[in-house]
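Notes follow the structure.
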Amino acid sequence: MPQSLVCAVDLGSNSFRLQIGKVRGNQIYPLDGLKESVRLAAGLGTDKMLDEAAQQRGLAALRLFNERLRSFPREAVRAVATNTLRVARNAPAFLLRAEEALGFPIEVIAGREEARLIYVGVAHTLPDPGRQQLVVDIGGGSTEFIIGRDFEALHLESLYMGCVSFSLRYFPDGAITRAALHEAETAAGTQLDAIAATYRATGWELAVGSSGSAKALVDVLELNGFSEGGITREGLTRLRAVLLKAGHVDKLDLEGLRADRLPVFLGGFAIMSAVFKALEVDRMVFSEGALRLGVLYDLLGRYHRHDLRDATVQNFIQRYQVDAVQARRVADSALTLLKPFLAAMPGPAATEEARFLEWAALLHELGLSVAHSSYHKHTAYILANADMPGFSRMDQGRLARLALAHRGKLERVVPLGPRSPDWLLILCLRLAVILNRSRVPRETQRLALETDRHEGYVAVVRQEWMQAWPLSAATLQDEVAQWTRVGHPVRLKVVRKTTAQEP
């Protein structure tokens, strides 16, 4: 294990959290944690723009986290962002500032990937994860629903409703009326209609709630004598009566209801009430495991080379009937071309660059399952939009970009920054595709890649190869011209066998 300490940072729609865990074998034990109530979702306007006040709250929290994480190497920290930064139109600009404040990269994860990580975290806290369980996680901007057994999820869903967004929409001034509660519960129920039948048919032995809203409800229900052993249907009914009698959040006098949870408590209550009704839940226990713990265990799996992303890539190869032999040829050629450049990179960065190139190469023909014409565009669309467990949205965007650029005009990727590492990966992938165009094995790779002392790269190719493979040679000449047009010159150096560099 490279690190004894690992850290997860969760940029949620309600709170930003940091969790540090100590690794012992295959287990992670919580060591330290920080929480800042940012309420990022409260700053999301109807135009889907995140206002400056919310951004500043988030940046202030991340600067605090930065101090705690300064001694951590990059590979021991994983930061993920959820619903608000999935939907905010100005999220990319905010993320640049956020990464500077935190000091580490931040991944925006898709809703179902968030659900998967939540389930991983919860499953590691249950005394008997072998039972089939329903996990409900009400966040600030979305609610995740998972049915799973052991450490594998059977159903994953993420619905666009959360305690912050619902509190702002249905209880904007804190007033608690029967009409407002009914409207909020009906809205949540309408969204739940899309998954309720499937989830009820699949069934579960244990219902589990995770994260802040579930914890707040458990505390309030148990400490005020409304229920025992978690959240119950009867307890929610009794709490509903108390809420209506109070008439306003400022008049609530409930044991266990913290001041920082009060502004979003009503939204969380309305969603949970709708969940109990739509899914016919009678009792729900609480788990301390949630997204942060799931992120830590996912990070641990990557250290142990049990990276879920590898399994996802293999699953896609099978699902889309990719020619695995040809894909492997291209991947091996691309990695051979990249190898001389890896020594100059830090170890973890070199590993990650090589892995992304390999994944892109293995999946570059995925779009052939749709149509041969413009198949690289079909590949890019699938990689950018499909559910890919283990990959963040940015991971998927990067894979899609590499796949899109593996053939055709390079001008379509010109918006990449001139210093982006993706240019080198794209070059390696495009050259590997050219080298393997015949789709038959070749004894050796007759082309190597070097850094030009002046600018760009040098493709070193054997003269006899150019003569033996005229079509590939002509394509290579065209490739050199393309790179020159986009401002990333590649010079072709033809050498005889006696001086050729053998990859």
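The values are calculated or read from the model by the stated rules, or taken from the named source; none is laboratory data. Remember, predicted model here, so these are calculated numbers, not experimental data. Heads up, the Cβs are rebuilt from the backbone with ideal geometry, glycines too, and the neighbour counts pull from every protein chain shown.
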Problem set entry | Number of the exception - residue 380 against (1) buried (at least 23 other Cβ atoms within 10 Å of the Cβ); (2) closer than 30 Å to residue 152 by Cβ; (3) in contact with a strand residue (DSSP E or B) (Cβ under 6 Å, 6 or more places away or on another chain) | (3)
Problem set entry | region 432-461 residues that are without any contact (Cβ under 8 Å) to a residue 24 or more places away in the chain, paired with ones that are in a loop (DSSP other than H, G, I, E, B) and of a type in the set (S, T, N, Q) (beta carbon under 8 Å, 6 or more apart) | 442/436
For this session: Determine which member of the set 423, 465 is at pLDDT 80 or above, aromatic (Phe, Trp, Tyr) and assigned to a helix (DSSP H, G or I).
Result: 423
For this session: Check off (1) closer than 23 Å to residue 246 by Cα; (2) in contact (Cβ under 8 Å) with a residue 12 or more places away in the chain for residue 142 and give me the number that stays unchecked.
Result: (1)
For this session: Grab the strands (runs of 3 or more DSSP E) fully contained in region 1-94, keeping just those with 2 or more residues being surrounded by fewer than 17 Cβ atoms within 10 Å (Cβ to Cβ) and outside the structural domain of residue 167 (by TED's automatic domain parsing).
Result: 15-24, 27-37
Problem set entry | Among (1) part of a helix (DSSP H, G or I); (2) buried (at least 21 other Cβ atoms within 10 Å of the Cβ), the one test that residue 227 misses | (1)
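If you check 292, 302, which single one turns out to be modelled with pLDDT under 85 and either of a type in the set (Gly, Ala, Ser) or closer than 29 Å to residue 389 by Cβ (or both)?
Selected residue: 302, the only one of 292, 302 that is modelled with pLDDT under 85 and either of a type in the set (Gly, Ala, Ser) or closer than 29 Å to residue 389 by Cβ (or both).
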Exercise. Quick check: anything in region 363-385 touching a residue at least 40 places away in the same chain (Cβ under 8 Å), farther than 25 Å from residue 477 by Cβ and aromatic (Phe, Trp, Tyr)?
Worked result: no
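Go over the candidates 139, 111 one by one and state the one that is under 22 Å from residue 194 (Cα atoms), surrounded by fewer than 23 Cβ atoms within 10 Å (Cβ to Cβ) and either touching a helix residue (DSSP H, G or I) at 6+ places or on another chain (Cβ under 9 Å) or among the aromatic types (Phe, Trp, Tyr) (or both).
That would be 111, the only listed residue that is under 22 Å from residue 194 (Cα atoms), surrounded by fewer than 23 Cβ atoms within 10 Å (Cβ to Cβ) and either touching a helix residue (DSSP H, G or I) at 6+ places or on another chain (Cβ under 9 Å) or among the aromatic types (Phe, Trp, Tyr) (or both).
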Exercise. Does residue 185 satisfy being acidic (Asp, Glu) and in contact with an Asp or Glu (Cβ under 7 Å, 6 or more places away or on another chain)?
Worked result: no
For this session: Select from region 244-275 the residues that are part of a helix (DSSP H, G or I) and either surrounded by fewer than 21 Cβ atoms within 10 Å (Cβ to Cβ) or among the β-branched types (Val, Ile, Thr) (or both) and list them in ascending order.
Result: 244, 245, 246, 249, 250, 251, 262, 263, 264, 271, 275
Problem set entry | Neighbours by Cβ (under 9 Å, 6+ apart or cross-chain): first from region 305-325, under 15 Å from residue 356 (Cβ atoms); second assigned to a loop (DSSP other than H, G, I, E, B) and at pLDDT 85 or above | 316/322; 316/386
Exercise. Any residue at all in region 476-484 that is within 17 Å of residue 337 (Cβ to Cβ), out of contact with any helix residue (DSSP H, G or I) (no Cβ under 9 Å at 6 or more places or on another chain) and touching a residue at least 12 places away in the same chain (Cβ under 8 Å)?
Worked result: yes
For this session: Considering (1) over 27 Å from the mean Cα position of the chain (by Cα); (2) exposed (fewer than 13 other Cβ atoms within 10 Å of the Cβ); (3) of a type in the set (S, T, N, Q), say which one residue 232 fails and leave the rest.
Result: (2)
For this session: With the condition kept exactly as written, say whether any residue in region 266-276 is under 20 Å from residue 10 (Cα atoms), touching a residue at least 12 places away in the same chain (Cβ under 8 Å) and not assigned by TED's automatic domain parsing to the domain that holds residue 81.
Result: yes
For this session: Determine if region 327-335 includes at least one residue that is without any contact (Cβ under 8 Å) to a residue 40 or more places away in the chain, exposed (fewer than 13 other Cβ atoms within 10 Å of the Cβ), under 23 Å from residue 368 (Cβ atoms) and in the same structural domain as residue 382 (by TED's automatic domain parsing).
Result: no
